[in-house]
Amino acid sequence: MGKITDAAIAVFVIIIGFFILFRLGISLPVLEHVFKQFFFPSSPANNTTAGMVMFGMAASNSRIRVKMRKRLDDIRRRIISRSLRKVENEAKEGIYHDRR
């Protein structure tokens, strides 16, 4: 392949890589921090790479938990609103069921 084709493919791969990282919730400041900590660690004796990987996973997991919590809240809200609408319609029609 030619140089231009290689450059075009490299740009395409970089764009896809950034898209995947942003979809995972890893933004540019987080990437900057990771590279800075990797190349210039505050204390060279510590294993900073493992800590950075765990931080990235924790951030992703917390976002997933927030999304799941919102989804569950939406489902609960729908169930409650359906049951309230059903009770209101029964009250309007004069139907009463003893639910014990």
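Structure data summary
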item	result
Helices (runs of 4 or more DSSP H) within the chain that include 3 or more residues modelled with pLDDT under 70, among the β-branched types (V, I, T) and open to solvent by less than 100 Å² (accessible area, probe 1.4 Å)	48-93
Residue list for region 1-29, filter: more than 30 Å from the chain's Cα centre (by Cα) and of a type in the set (S, T, N, Q)	T5
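The values are calculated or read from the model by the stated rules, or taken from the named source; none is laboratory data. Everything quoted here is computed from the prediction, not taken from an experiment. With ligands, DNA and RNA removed, areas are computed over all heavy atoms of the protein, side chains included. Shrake-Rupley method; radii C 1.70, N 1.55, O 1.52, S 1.80 Å.
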